[in-house]
Structure formats: C-alpha cells, structure tokens
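Everything on this sheet refers to the single structure shown next.
Just so it is clear, none of the values below were taken in a lab; they were calculated from the coordinates. Because the structure is predicted, anything quoted here is derived from the model rather than measured. A quick note on method: Cβ atoms are made from the backbone with ideal geometry, for glycine too, and the neighbour counts reach across all protein chains shown.
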Amino acid sequence: MILSTLAMLLLSGTSSGVGVTVVALAALALGLLVAMAVPVTGSRRPVAVERPTPPEPVRATLPAPAREPVRERAAS
C-alpha cells in the first residue's frame, strides 16, 4: 500500500499539500477496498473431511512354471 501511494505521488507529479492529501486519501480508499474484497482465510476453521480408507493391496499371483522332467542325453 505504501509503495502504491508513492507510485501515485510520483505519477501525478503533485507537490502541493492539497495534492498529496488527495493522493493519500485515494490510496487509503483503494487499500480499504482491497482489504474488504479479499476473503479472510485465517479466521475460518478447517472442516474435517472424512477420507475413505484406502483399499487393501492386491497381491499378484503368478502361476508356477510348468516343470518338465529332466531328460538326460545318452553318452556318445
């Protein structure tokens, strides 16, 4: 708010007391408008949200590999 007031003073180029007072009052009015327009989030209590329990993990079962009988080669 202070920086915006200084910017308005610099851009308006006023050097009289009346001009500075007008710019200061305009900055105060803009600051109040912004303060009233922004919702206050700090004063609200967060509402407890029920979260569903996560589903049980699914175990992947793979079929056992087929076992073939061991074939021995004949000695040559």
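Within the range 1-15, residues that are over 12 Å from LEU30 (Cβ atoms) reach partners that are part of a helix (DSSP H, G or I) and among the aliphatic types (A, V, I, L, M) with beta carbons closer than 8 Å, at six or more positions or on different chains, in the pairs LEU9/VAL20; LEU9/VAL23; SER12/VAL23; THR14/VAL20; THR14/VAL22; THR14/VAL23. The residue that is nearest to ALA35 (Cα to Cα), among those in the range 5-21 that are exposed (fewer than 13 other Cβ atoms within 10 Å of the Cβ) and of a type in the set (Ser, Thr, Tyr), is THR21.
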